[in-house]
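Colleague: Here you go, one structure.
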Amino acid sequence: DSLSDIRVRKPETDDEWSDLLVHINRLLDKIDSYVSNQKRFVEDVSHELRTPVSIVEGHLKLLNRWGKDDPEILAESISASLQEITRMKVLVQEMLDLSRADHVDVDYKNEVTEIYTTAKQVYNNMKLIHPDFKFFLDSDDREGESQYVQMFRNHFEQILIILMDNAVKYSLDRKEIHLSISRSVNTVEIAVQDFGEGMNQEDQEKVFGRFYRVDKARSREKGGTGLGLSIAYQLIKSYRGQIRVDSVLGNGSIFYISLPLLEADSPLLVNKMQKQ
Ligand code: ADP
């Protein structure tokens, strides 16, 4: 919870005093872990930015010494530098997304999103962007029956895009991706499956961490930053959902997300429907 939510009043009994001390100690632990977390983040970010900055620096030095008279060096250095600058832009945007995902605005949390139409839209866009892939959509959507989650639509889309983008990025020869949506009584489960690289158990436990990449060079070559899954993880957590991965090295991965469904008569949903 945010620190501004905490209010302290003067304890009166011994028990209340002990409670207060327990709370203060707990709070100190939290602050301690928060500070070291932030420190690690700053270290990670500096580390991530150092590579593209050094590459651009190297190219500028090259240009400065020889490039002005050599059209080949000129063209190559400019193109390589531009590529690194794009990477930095993506990185900065994703860091911002990550920081926002941590603490989703209350206004966003009170939004509702219809699952099937939103997922289908992301799915159709992916099909358009990647014509060389075969996409399959498997859902137990019943005609005319809408299902809602309490979530800002852009966030729902962002999570699906991260998972489907990864499925594309880490596919090998078998360019096939399955999106499936199923629901139980009060949750919806969405699965994104690919038949690509997959990963071992140890990596599966780490991939949701910031900047974690199984193969740094490969991720880099694909324009990855190692932040996608941490953004998805933080967002899902902010909406009280769950995300997990089931993968076999060399055989592909399935990422599952589950989110609580809104009941048809929930005041939030009824309210939104009336406004439309
Ligand atoms: P990146 O920008 O590197 O893709 P992510 O946070 O989205 O960052 O993913 C972290 C790492 O998890 C990736 O670098 C990759 O090694 C691994 N990964 C993610 N999705 C998949 C997938 N569908 N198949 C295999 N590996 C994956």
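Colleague: State whether one or more residues within region 41-59 are touching a Phe, Trp or Tyr at 6+ places or on another chain (Cβ under 8 Å) and surrounded by 14 or more Cβ atoms within 10 Å (Cβ to Cβ).
Modeller: Among the residues of region 41-59, at least one is touching a Phe, Trp or Tyr at 6+ places or on another chain (Cβ under 8 Å) and surrounded by 14 or more Cβ atoms within 10 Å (Cβ to Cβ), which makes the answer yes.
Colleague: Ok, one more. Out of all the residues in region 185-210, which are within 13 Å of the ligand (Cβ to nearest atom) and either part of a strand (DSSP E or B) or aliphatic (A, V, I, L, M) (or both)?
Modeller: A191, V192, Q193, D194, M199, V207
Colleague: Between R218, R240, which is over 23 Å from F136 (Cβ atoms) and over 16 Å from the mean Cα position of the chain (by Cα)? Before you say what the answer is, go through the steps one by one.
Modeller: Working: R240 fails: over 16 Å from the mean Cα position of the chain (by Cα).
Being over 23 Å from F136 (Cβ atoms) and over 16 Å from the mean Cα position of the chain (by Cα) holds for just one of R218, R240, which is R218.
Colleague: Which number in (1) polar (S, T, N, Q); (2) at pLDDT below 95; (3) crowded, with 18+ Cβ neighbours inside 10 Å; (4) assigned to a strand (DSSP E or B) marks the one condition that S182 misses?
Modeller: Looking at each condition in turn, S182 falls short on (3).
Colleague: Mind checking whether some residue in region 213-234 is closer than 18 Å to I159 by Cβ, in contact with a strand residue (DSSP E or B) (Cβ under 6 Å, 6 or more places away or on another chain) and of a type outside the set (A, V, I, L, M, F, W, C)?
Modeller: yes
Colleague: May I pose another question? Give me the pairs: first residue in region 257-274 and in a helix (DSSP H, G or I), second residue surrounded by fewer than 16 Cβ atoms within 10 Å (Cβ to Cβ) and at pLDDT 85 or above, beta-carbon distance under 7 Å, and six or more apart or on different chains, which are they?
Modeller: Listed by first residue and then by second, the contacts come to L268/N110.
Colleague: Can you tell me which residue in region 119-162 is nearest to the chain's Cα centre (by Cα), limited to those that are at pLDDT below 95 and hydroxyl-bearing (S, T, Y)?
Modeller: Y148
Colleague: Can you tell me which of S219, S253 is in a strand (DSSP E or B) and small (G, A, S)?
Modeller: Result of the check over S219, S253: S253.
Colleague: May I ask you to list the residues in region 61-82 that are touching a residue at least 12 places away in the same chain (Cβ under 8 Å) and among the aromatic types (F, W, Y)?
Modeller: Within region 61-82, none qualify.
Colleague: What number of residues in region 220-241 are aliphatic (A, V, I, L, M) and more than 22 Å from L49 (Cα to Cα)?
Modeller: Number satisfying all stated conditions: 2.
The values are calculated or read from the model by the stated rules, or taken from the named source; none is laboratory data. All of these numbers come straight from a predicted model, not from anything done at the bench. Ideal geometry is used to build each Cβ from the backbone, glycine not excepted, and the neighbour counts take in all protein chains shown.
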